[in-house]
Structures are given as structure tokens and as C-alpha cells.
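Engineer: Input: one structure, supplied below.
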Amino acid sequence: MGNSGGSLTTHFTGELHQLMREAGFTGIEDTQALAEGWQVTDFADAGRRTLTNLVRQTGAPAIMVSFFDSDVGFIEARTPDDDSWEGLLNREMAKSYVIPLEHFPIEPAVAGALAWSTAAGLTPDEKAIRQTLTGSALFAEELSAALMAALGLPCAT
């Protein structure tokens, strides 16, 4: 049992690895380019203000999902205007880890996801976001991929 890393997606076209290190990310892996200037990078660990630091450095919206044993995903998203939201993936599994679900209410997460997506210039699908935030899967990474699609993020190029 333990953290199994995470994934960062941002709308930043520059070189990201050094900025991620400066922001506090560790174990940074290769970056995958997505369409329309988005990119995704997996990482081993991130601190409490890591995403905030990165968004301030890049001036670009970003979302990260930190995975706990591939069972649960903790979502954090932020825009350069300091709009942010948090959420949880795989709520049923989170219950088995005794993660307090009341700290991750659905309605504010859905509203935050919609606002973040729109601010990032994307076209979100509210129904799909809600399904992802309330759904369950064998691996939280599956829900994370579904969430990114629901937020309107482009596919890999």
C-alpha cells in the first residue's frame, strides 16, 4: 500500500521538466504531446503546493491526478487566475481505505471541473464528468482517462 505516482496535464507548449522540478515534482517521466498545445507528464510524487507553484510558473491551466495504489485518484486542478477545484476518483474503493468522502463532495467538484474546463478553453461534458466522479473502476487510471476526455482535453498526437 502506498502512493503510485500521478499524472499532470497542462496547456503549456514549453519544456516542462525543469519547471516541474522547480515546482516540487519528483520522479518526472517523459512528456507526451497532446493536440492543441496540451501535454501530459507522469511523476512519482508532488507536494502540497506543487501544482500551484507550477501554474504560477507557466501561466497555464493544469490538472493533476495523484494515485494511491492505482485504487484511488486525488484530483487537483488550477488556472492561472487561481480558480481551482479538487475531486476524488473511485469513491467506492476510497471508502475501503477509510478516506473521508465528505471532504470530496460531488457537486462542488462537478461545478469546479466545468468552470476549469471552460476557463482552459475546452468544451466539457457535464454528464460524463459526473459519471466519472461517481463511477468506479478496477484502476483509478481508467477513471482519470475518462475524466480527461469528459473535460474536453484533446487526444494524443
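Engineer: Taking Cα centroids, how far is segment 100-133 from segment 19-43 in Å?
Structural biologist: 22
Engineer: With every protein chain left in place, what is the accessible area per residue of segment 1-136 in square angstrom, probe 1.4 Å?
Structural biologist: Counting only protein heavy atoms, the per-residue value for segment 1-136 is 48 Å².
Engineer: Rounded if a/c is under 1.5, else prolate if a/b beats b/c, else oblate: with a ≥ b ≥ c from the C-alpha gyration tensor eigenvalues square-rooted, which is segment 39-115?
Structural biologist: It comes out oblate by the Cα gyration axes.
Engineer: Ignoring ligands, DNA and RNA, please state the percent of accessible area on the chain from carbon and sulfur, probe 1.4 Å. Don't jump to the answer; show the numbers that get you there.
Structural biologist: Values: 3890 of 7560 Å².
Here carbon and sulfur together make up 51 percent of the probe-accessible area.
Engineer: What residue among 80, 100, 108 shows peak mean-square fluctuation when the chain is described by a Gaussian network model with Cα springs under 10 Å?
Structural biologist: 100
Engineer: Who wins for biggest fluctuation among 70, 96, 136 in a Gaussian network model of the chain, springs between alpha carbons below 10 Å?
Structural biologist: Per the Cα network of the chain with a 10 Å cutoff, 96 tops the list.
Engineer: Express the relative contact order of the chain as a whole percentage, based on alpha carbon pairs under 8 Å and six or more residues apart in sequence.
Structural biologist: Once normalised by length, the contact order is 22 percent.
The values are calculated or read from the model by the stated rules, or taken from the named source; none is laboratory data. Since the structure is predicted, the reported quantities are computational estimates derived from the model, not experimental observations. What goes into the accessible areas is simple: the full protein's heavy atoms, side chains included, and nothing from ligands, DNA or RNA. Shrake-Rupley method; radii C 1.70, N 1.55, O 1.52, S 1.80 Å.
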